[in-house]
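**Student:** Mind having a look at this structure? Questions to follow.
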Amino acid sequence: VRERDLIARIARRFDGLVLDGARGFSDDAACLPPVPPGHTRVVTTDAVVEGVDFRLAWGGASSAGHRALLQNLSDLSAMGARPLTFTWALALPRAWLDDVERLDAFAEGAARLAARAGVTLAGGDLSSTDGPFVAAITALGDVLGPPLTRTSASPGDGIFVAGPLGASRVGLRALSTGVVDESASRAHLWHDDVDLAFGQGLVGRARAAMDLSDGLGPDLARLCRASRVGARIDSLDAARAVTSAGRVSLEDALVGGEDYHLLFTLPPGDDGDDLAPAVRIGTVTDGDEIVLEHDGHARVLDADDPAFFDHTA
Ligand SMILES: [Mg+2]
């Protein structure tokens, strides 16, 4: 297959979802619209690698396309941005070049999410590789007002998560053992419950925010380090996801990665009542310790514990 044909196949999937300034991908680069008054333009980049971030056996190439774009849109939401457009660089192994329907499905999965999120494709690049399939996406968005950051949490702030935690990890465990069922793939691959516009409602209100990609424990540790504060988690139960097998374990809620809900803090006096399904799980403290209170016991979480950084532990 020729590159031109592959690009045409992708463009078909993005019919109506192409940035105006891309002029149908006819130029060497795309033109961005001006930044609207009072807005800040933000940019993020994130890649998925076949065999590392997804497996075709789990949900096909369409779920990989969805996932690749989702993690970028989640980062934009974490900054409080409305997504604008994205570009991608795709490295295609022989198997993908021999089976172009795989690329169609990948583009289809991304295009469906793009339509839902109101984001356009601005351009891209295709190359081939002897290694695994790689999709590197760069996404841009605009924030009305000061962007949300990780650095402004203050002692006394309430700590909130925007949705239930741990279901993605439970789903991944099922998929990894060959159980490809509806709830596992929805929780780990599709994340239908993630509100990608949530961050926009936190601008000017939340003190600090980030998206949960590596798990509450390690991500909260990052937020606390960035803000030079500690945290006391005393209501994690409120955020434990319920799956078809019941409530997820405390550990799954604490170290499960790829939930993609936002983690954020609100100043004292803001109880976040109108932000459901967000729930409060704790309080920002002085110092640098992250303390987990559960069943009457308190333990200090070790941010250097490798289990915090292991998606599949
Ligand atoms: Mg992130």
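The values are calculated or read from the model by the stated rules, or taken from the named source; none is laboratory data. Since we're looking at a predicted model, the values are computed, not measured. With ideal geometry, Cβ positions are generated from the backbone for all residues, glycine too; neighbour counts draw on all protein chains shown. Quick note on the areas: whole protein, heavy atoms, side chains included, nothing else; ligands and nucleic acids left out. Shrake-Rupley method; radii C 1.70, N 1.55, O 1.52, S 1.80 Å.
**Student:** Given the conditions (1) open to solvent by less than 20 Å² (accessible area, probe 1.4 Å); (2) in a strand (DSSP E or B), and given that Thr138 satisfies all but one, which numbered condition is not satisfied?
**Tutor:** All conditions are met except number (1).
**Student:** If Asp75 passes every condition in (1) more than 16 Å from the ligand (Cβ to nearest atom); (2) assigned to a helix (DSSP H, G or I); (3) open to solvent by 10 Å² or more (accessible area, probe 1.4 Å) but one, which one does it miss?
**Tutor:** With (1) more than 16 Å from the ligand (Cβ to nearest atom); (2) assigned to a helix (DSSP H, G or I); (3) open to solvent by 10 Å² or more (accessible area, probe 1.4 Å) applied to Asp75, the lone miss is (1).
**Student:** Could you say which residue among Leu212, Leu189, Leu250 is buried (at least 24 other Cβ atoms within 10 Å of the Cβ) and either charged (D, E, K, R) or free of Cβ contacts under 8 Å to residues at least 60 places away in the same chain (or both)?
**Tutor:** Values: Leu189 fails: either charged (D, E, K, R) or free of Cβ contacts under 8 Å to residues at least 60 places away in the same chain (or both); Leu250 fails: buried (at least 24 other Cβ atoms within 10 Å of the Cβ).
Matching residue, one of Leu212, Leu189, Leu250: Leu212.
**Student:** Next question, about the same structure. Can Phe25 be described as aromatic (Phe, Trp, Tyr), crowded, with 22+ Cβ neighbours inside 10 Å and touching a helix residue (DSSP H, G or I) at 6+ places or on another chain (Cβ under 7 Å)?
**Tutor:** On the way: aromatic (Phe, Trp, Tyr): yes; crowded, with 22+ Cβ neighbours inside 10 Å: no; touching a helix residue (DSSP H, G or I) at 6+ places or on another chain (Cβ under 7 Å): yes.
Answer is no for this residue.
**Student:** Restricting attention to the range 151-186, which residues are over 18 Å from Ala241 (Cβ atoms), surrounded by fewer than 18 Cβ atoms within 10 Å (Cβ to Cβ) and not small (Gly, Ala, Ser)?
**Tutor:** Thr151, Pro155, Thr177, Val180, listed by residue number.
**Student:** Also, I was wondering about something else. Within the range 141-150, is even one residue in a helix (DSSP H, G or I), open to solvent by 10 Å² or more (accessible area, probe 1.4 Å), at pLDDT 95 or above and within 26 Å of Asp237 (Cβ to Cβ)?
**Tutor:** Our first condition is that a residue be in a helix (DSSP H, G or I); within the range 141-150, this holds for none.
No.
**Student:** Against the definition (under 20 Å from the mean Cα position of the chain (by Cα) and outside any helix (DSSP H, G or I)), how does Asp219 come out, yes or no?
**Tutor:** On the way: under 20 Å from the mean Cα position of the chain (by Cα): yes; outside any helix (DSSP H, G or I): no.
Taking the combined requirement at face value, the residue does not satisfy it.
**Student:** Then there's this: Can we say Asp20 is open to solvent by 30 Å² or more (accessible area, probe 1.4 Å) and within 16 Å of the ligand (Cβ to nearest atom)? Spell out the reasoning first.
**Tutor:** Details: open to solvent by 30 Å² or more (accessible area, probe 1.4 Å): yes; within 16 Å of the ligand (Cβ to nearest atom): no.
No, not satisfied.
**Student:** Kindly indicate the residue of the range 42-66 that is within 16 Å of the ligand (Cβ to nearest atom) and open to solvent by 10 Å² or more (accessible area, probe 1.4 Å) and also modelled with the lowest pLDDT among those meeting that condition.
**Tutor:** Only one residue fits best here, namely Asp53.
**Student:** Can you tell me how many residues within the range 118-135 are assigned to a loop (DSSP other than H, G, I, E, B) and either within 19 Å of Ala8 (Cα to Cα) or touching a residue at least 40 places away in the same chain (Cβ under 8 Å) (or both)? Don't jump to the end; show me each part of the working.
**Tutor:** First pass over the range 118-135, keeping only residues assigned to a loop (DSSP other than H, G, I, E, B): 118-119, 130-133.
Okay, now just the ones that are also either within 19 Å of Ala8 (Cα to Cα) or touching a residue at least 40 places away in the same chain (Cβ under 8 Å) (or both), so 119, 131-133.
The total comes to 4.
**Student:** Quick check: is even one residue across the range 195-206 over 30 Å from Glu108 (Cβ atoms) and in contact with a Phe, Trp or Tyr (Cβ under 8 Å, 6 or more places away or on another chain)? If you could, list the steps in order and put the result at the bottom.
**Tutor:** Step one: filter the range 195-206 for residues over 30 Å from Glu108 (Cβ atoms), giving 202-206.
Checking the rest, the ones that are also in contact with a Phe, Trp or Tyr (Cβ under 8 Å, 6 or more places away or on another chain) come to 202, 206.
Checked the range 195-206: at least one residue is over 30 Å from Glu108 (Cβ atoms) and in contact with a Phe, Trp or Tyr (Cβ under 8 Å, 6 or more places away or on another chain).
**Student:** Every residue in the range 84-117 that is of a type in the set (D, E, K, R) and either in a helix (DSSP H, G or I) or open to solvent by less than 30 Å² (accessible area, probe 1.4 Å) (or both), please. Break it down stepwise before answering.
**Tutor:** Let us first name the residues in the range 84-117 that are of a type in the set (D, E, K, R), namely 94, 98-99, 101-102, 104, 108, 112, 116.
Scanning the range 84-117 gives Arg94, Asp98, Glu101, Arg102, Asp104, Glu108, Arg112, Arg116.
**Student:** Can you tell me which of Gly80, Gly123 is within 16 Å of the ligand (Cβ to nearest atom) and touching a helix residue (DSSP H, G or I) at 6+ places or on another chain (Cβ under 6 Å)?
**Tutor:** Working: Gly123 fails: within 16 Å of the ligand (Cβ to nearest atom).
Result: Gly80 is the single residue among Gly80, Gly123 that is within 16 Å of the ligand (Cβ to nearest atom) and touching a helix residue (DSSP H, G or I) at 6+ places or on another chain (Cβ under 6 Å).
**Student:** Considering (1) touching a residue at least 60 places away in the same chain (Cβ under 8 Å); (2) away from the ligand (no atom under 15 Å from the Cβ); (3) surrounded by fewer than 18 Cβ atoms within 10 Å (Cβ to Cβ), say which one Arg225 fails and leave the rest.
**Tutor:** Looking at each condition in turn, Arg225 falls short on (2).
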